[in-house]
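To keep things clear, I will list the structure first and then write my remarks on it.
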Amino acid sequence: MNHLELLFLLIKGAYKAMPDELKTPKWKRYFWRNTFSNYIRVVVRLLLGLILFRLLYSGLSEEDFGFWSLLWSLFGYGVLLDFGFGFTAQKVVAEKTETEEWEELSHLLSTLLWTFIGLAVVIGVVFFSIQGLFLEAIHISPDKYSTYTLAYLIFFAGLALTFPFGLFPEVLQGVQRIDLANWLRTSAIVLNFIGILVALNMGLSFPVIIFISVITTLLPNVAALFVVRRMLPKVSLSLRHFRWRSVKSQMGFSIAAYLITFSNLLMSKSDQAVLGVTLGVGVIAVYQAGYKVAEMFNMFTIQLQEALSPAAASMNATGDREGLKELLLKTSRLTFVIATPLYGLCAIYLKPLIQLLTGLTVIEQSTLLVGHILLLAIYSSQLTNSCSKRIMMMCGYEKKLLFLALLDGLGNVFLSVILALSFGIVGVALGTLIPTVLVGWLLVLPLALVYMQINLWVYIKYVLSASGPVILFAVCSVLVVFFLPMPEEGGLGHLAIRGSLAGVPALLWVLKSYRSIK
C-alpha cells in the first residue's frame, strides 16, 4: 500500500467517524432553525404591532401620534445610510469564515465598524443642526415645542447609536445564525411592547415613550455585538485593524447592493406616487386595501429565503458549484410547495381578508382586482426571483441583477402610468404584474439556470416533483369552499377555521417531508 492510498483511507475513516451533524452543510443544519425563528419574529411583530398601534392611536393625542409616525417613517429610510455595506458584511463574513481568513475579516469588519461610527457622528451632528428647521417645517404648536424638541433629540441620538451596532446582526447572518439575531429582535419587540404599555398606563410623558422605543431598538444590536465576539474570538474590531482598501475591494458589490435596495424601495412606493400624479390621492386608499394582502403574503413567504445569501456566499468562496446547484433546486422546490397553498388561500379568501385588515364591510370590485393582480405578481416573483436572486447576488452577478432590477423598476413605472390613464387603479396593478412576470421568467430564472448549468425542463420537473402537498391543498380547498362557504360578514374566526381546514393538511405533509433538508 503506497502513501497516497494510506492517506485516502485515513481521510475516509475520519469522515466516517465524524458526527452526522458535521457532515451536513451548515445551511442545512440551520435552515429550519433560522426559518422558524423568522416566522416567530414576524408573527410576534405583527400581533404586538397591531395591539401597540391601537394603544398608541387611542393613548396619544392626534399631534403626538402624528409626530411618532413621522419619526419612525424616517427611521425606515435608515437602511439606505449603510450604502450596501451591511449586505457586504454578510457576504464577506460567510466567505472568510468558510476559508478561515481571520486577519482579512478583522480588517474588513474593523473598517466597516469605525466607518459606521464616523457616519453616526455625522448623522448626529446633522440632525442636531437641523432640529429647529425640522420642527418649524412640520408646524409644531408652541405649547408642544419643548416636548417635541426633547423627543426629537432622544430619537435621533438613538438612531445615531443604532447605526454602527446594526453591523452585528448582519455578521450573525453571515455566519448563518439568523436564529440568534431573530431571538434577540423578538425579545426586544416584547420588551418594547411591555415598556410602552406600562408608560401609557402610568401616563408618562411623550419623550419617555420615545426613549423606550429607541432603547429597545438599540438593545438587540448591542447584544449581537457580544454574541459575535463570543462566536468569532479570532476576529478583532480594534481601530488598528482599520484598512480602507479591505472595504474598497468590496466597493463594487456594495454599490450594486445599495442601488438594488434603493430601487426596490422606490418600486415599493412607486405605485402610490403614480396614483397620486395620474388619478389623485383620493384613490390611493382604495388601492392600498388590495395591496395590503399581497404585501403580507410576500412578507410571510420571503422568510424561507433569508438564509440563502450567506449559504451561497460560503459555497461560492470554496467553489462548491454542486452545493450551489443543490441549494437552488431544493429551496426553489420548498418555496413552491409553501408559497402555492398560501397564494391559494389569499386568492380564495381575498375579500374577507381585506375586510379584516381594513374594517370595511363593502369592498369595491376594483379593490378585489388590484388584490388578485398584486397577489399573482408576488407569487410569480417568489417562483422566479426569490431564491435565484439571493444566490446569484453572492456569485458575482450583482451588476447583472442591478440591471434587471432597474429594468423591472422602470418598466413598472412606465407601464403603470400608461395603463393608469386607461384602466385606473387596476392599470397601476397591471403595470406591476407585467414587468415582474416578464423579467422574472424570461431573464432572472434563465440567468440562474445557465450559471448553474441546469436544464429548464430538469428544473421544472424537479420543482413539480413535490406537488403532493399542493394537490392535497387543492382538494381540501374545493371541499371547504363547497361544503363550508364563507359567510358574507367574514370575520377572523371564520377565516381561521376555513384556512386551517384547507391548509393545515398540506402544511403537515410539508413539515413531515421536509423535516430535514436532505
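The values are calculated or read from the model by the stated rules, or taken from the named source; none is laboratory data. Owing to the predicted nature of the structure, the values given are computational and were not obtained by experimental measurement. Note that we place each Cβ from the backbone using ideal geometry, even for glycine, and neighbour counts take in every protein chain shown. Accessible surface areas use protein heavy atoms only, side chains included; no ligands, DNA or RNA. Shrake-Rupley method; radii C 1.70, N 1.55, O 1.52, S 1.80 Å.
Annotations for the structure displayed:
- Among the numbered conditions (1) out of contact with any Leu (no Cβ under 6 Å at 6 or more places or on another chain); (2) over 28 Å from Ile51 (Cβ atoms); (3) open to solvent by less than 40 Å² (accessible area, probe 1.4 Å), the only one that Glu170 does not meet is (3).
- Qualifying residue in the range 355-372 (condition: hydrophobic (A, V, I, L, M, F, W, C), farther than 26 Å from Ile497 by Cα and either in contact with a strand residue (DSSP E or B) (Cβ under 9 Å, 6 or more places away or on another chain) or in contact (Cβ under 8 Å) with a residue 60 or more places away in the chain (or both)): no
- Residue count for the range 424-434 under the criterion of being over 14 Å from Val286 (Cα atoms) and at pLDDT below 90: the result is 2.
- Taken over the range 320-366, the criterion of being touching a Leu at 6+ places or on another chain (Cβ under 9 Å), of a type in the set (A, V, I, L, M, F, W, C) and open to solvent by 40 Å² or more (accessible area, probe 1.4 Å) is satisfied by Leu353, Leu356.
- Within the range 230-249, restricting attention to residues that are surrounded by 14 or more Cβ atoms within 10 Å (Cβ to Cβ) and not polar (S, T, N, Q), the residue that is modelled with the lowest pLDDT is Val247.
- Test: residue in the range 300-314 that is open to solvent by 50 Å² or more (accessible area, probe 1.4 Å) and either modelled with pLDDT of 75 or more or assigned to a helix (DSSP H, G or I) (or both): yes
- Criterion violated by Phe83 - all others in (1) within 29 Å of the chain's Cα centre (by Cα); (2) on the phi < 0 side of the Ramachandran plot; (3) of a type outside the set (Ser, Thr, Tyr); (4) at pLDDT below 80 satisfied: (2)
- Filtered residue count, the range 1-58, keeping only those that are at pLDDT below 50 and within 28 Å of the chain's Cα centre (by Cα): 0
- Within the range 174-205, the residues that satisfy the criterion of being touching a residue at least 60 places away in the same chain (Cβ under 8 Å), of a type outside the set (Ser, Thr, Tyr) and open to solvent by less than 20 Å² (accessible area, probe 1.4 Å) are Gly174, Val175, Gln176, Ile178, Asp179, Asn182, Ile196.
- Among the helices (runs of 4 or more DSSP H) confined to the range 386-503, the ones with at least 2 residues that are open to solvent by 20 Å² or more (accessible area, probe 1.4 Å) and without any contact (Cβ under 8 Å) to a residue 12 or more places away in the chain are located at 398-423, 445-452, 456-464, 468-483.
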